[in-house]
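The values are calculated or read from the model by the stated rules, or taken from the named source; none is laboratory data. None of these values were measured; they are calculated from a predicted model. Counting neighbours? That spans all protein chains shown, and the Cβs are built from the backbone with ideal geometry, glycine included.
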Amino acid sequence: MTCIEANGLTKEYGAVRAVDRVTFSVEPGRVTGFLGPNGAGKSTAMCLVLGLSRPTAGTATVGGRPFAGLGQPLRHVGALLDAQAAHGSRTARDHLLTLAAANRIPAARAGEALEETGLAGVARRRVRTFSLGMRQRLGIAAALLGDPGVLMLDEPSNGLDPEGIIWIRELLRRLAAEGRTVLVSSHLMSETASYADHLLVLGKGRLLADSPMRAFIDAHVQPRVRLRSTEPERLRSVLLRAGYEPELGEDGRMTVPGARAARLGPLAAEENLPVLELANDEATLEEAYLALTADETQFAAAPSVLAQEV
Ligand SMILES: Nc1ncnc2c1ncn2[C@@H]1O[C@H](COP(=O)(O)OP(=O)(O)OP(=O)(O)O)[C@@H](O)[C@H]1O
């Protein structure tokens, strides 16, 4: 079992504490989404795990050892940090062959990684001619090259077309199902919701959440029910009497915070109230994330002058 572990991990850049006493464990067999506003410290934390910068305090380990202590690190940890990292004058194939040679990875893996990332057809093209999405795929190919047990990917969907986004989602799920440890940072909430089982959320360098995805959503957004009746006023009084605070909309529609459909259906039936629509309104990861990070966003836009005047 190869875990990524951070213990009291801290990184200061002058007066800025980019990562602030963070402790977590990223477990194998699941995809862990790494979330946080711009400047929250996600990339810095990943760089610390990869030994690319030295912590001010605390430790980061992979499989119980610091990254620098892993022989042939690409065989243990595959990382995508900066899709522009490949040398522009090399072909995609040569880029991977060079990495393979440096890490004692069989050369045949280069072809396999190109196949796996959909780049086999452009393997002999120079990287400088690649689009952002193609570079991103090449960065993922480099991460997969050593068949590592641990993958750390910073914004892997960046620049990918819709088909590429579906591909990365399936790839991440498969890598986790194979028992690998997969940590993926993203700003795309619906994307993260589609592949992550677990979440780590950073805000201003601190760990704000370390939780299974469903529990995270449930902890931050109240459940609610959407319903519609031909007699909204009567239904409203019934719900008020039952202790709910329904919010009336148009056409007899209403939203009931803190309710579940399984409870409201029988309540309406007892009163012989005709119900045209009744559904649990499932909270999204985006809502939960925004509720949690509202105070942690360093670069929130100032309210517009117009908004202040209204
Ligand atoms: N090399 C550096 N020198 C000085 N400050 C840095 C350096 N690298 C990062 N920082 C600062 O550390 C903080 C965390 O930055 P980091 O890039 O880790 O955030 P992030 O969560 O990855 O953000 P984003 O989502 O925008 O990529 C920021 O305030 C940033 O300005």
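Please specify each residue of region 1-24 satisfying the condition of being surrounded by fewer than 18 Cβ atoms within 10 Å (Cβ to Cβ) and within 8 Å of the ligand (Cβ to nearest atom).
Within region 1-24, 13, 14, 16 meet the criteria.
Every residue, every condition in (1) out of contact with any Leu (no Cβ under 9 Å at 6 or more places or on another chain); (2) near the ligand (Cβ under 7 Å from one of its atoms); (3) hydroxyl-bearing (Ser, Thr, Tyr); (4) within 30 Å of residue 178 (Cα to Cα), yes or no:
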{"position": "26", "(1), (2), (3), (4)": "no, no, no, yes"}
{"position": "31", "(1), (2), (3), (4)": "no, no, no, yes"}
{"position": "41", "(1), (2), (3), (4)": "no, yes, no, yes"}
{"position": "47", "(1), (2), (3), (4)": "no, no, no, yes"}
{"position": "58", "(1), (2), (3), (4)": "no, no, no, no"}
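So, in region 136-154, of the ones that are crowded, with 22+ Cβ neighbours inside 10 Å and within 16 Å of the ligand (Cβ to nearest atom), which residue ends up nearest to the chain's Cα centre (by Cα)?
The extreme case among them is 153.
Among the candidates 286, 271, which residue alone is under 30 Å from residue 40 (Cβ atoms) and at pLDDT 90 or above?
Of 286, 271, the one residue that is under 30 Å from residue 40 (Cβ atoms) and at pLDDT 90 or above is 286.
Among all residue pairs at least 6 apart or on different chains, which show Cβ distances below 8 Å where the first residue, located in region 83-110, is free of Cβ contacts under 8 Å to residues at least 60 places away in the same chain and at negative phi and the second is in a helix (DSSP H, G or I) and among the hydroxyl-bearing types (Ser, Thr, Tyr)?
90/98
Identify, by number, the condition in (1) within 14 Å of the ligand (Cβ to nearest atom); (2) more than 27 Å from residue 189 (Cα to Cα) that residue 98 doesn't meet.
For residue 98, the failing item is (1).
In contact with an Asp or Glu (Cβ under 8 Å, 6 or more places away or on another chain), on the phi > 0 side of the Ramachandran plot and touching a residue at least 12 places away in the same chain (Cβ under 8 Å), is that true of residue 51?
no
Does region 22-74 hold any residues that are touching a His at 6+ places or on another chain (Cβ under 6 Å) and more than 21 Å from residue 206 (Cβ to Cβ), and which are they?
The answer is 30, 70.
Hey, which of the strands (runs of 3 or more DSSP E) in region 169-273, taking only ones fully inside, have at least 1 residues that are in contact (Cβ under 8 Å) with a residue 60 or more places away in the chain and surrounded by 13 or more Cβ atoms within 10 Å (Cβ to Cβ)?
Output list reads 181-185, 198-203, 206-212.
To keep it simple, each residue is scored yes or no on (1) of a type in the set (S, T, N, Q); (2) touching a Gly at 6+ places or on another chain (Cβ under 8 Å); (3) at pLDDT below 95.
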| site | (1), (2), (3) |
| --- | --- |
| 157 | yes, yes, yes |
| 175 | no, no, no |
| 200 | no, yes, no |
| 215 | no, no, yes |
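Can you spot a residue in region 65-85 that is closer than 20 Å to residue 10 by Cα, away from the ligand (no atom under 16 Å from the Cβ) and either crowded, with 19+ Cβ neighbours inside 10 Å or hydrophobic (A, V, I, L, M, F, W, C) (or both)?
yes
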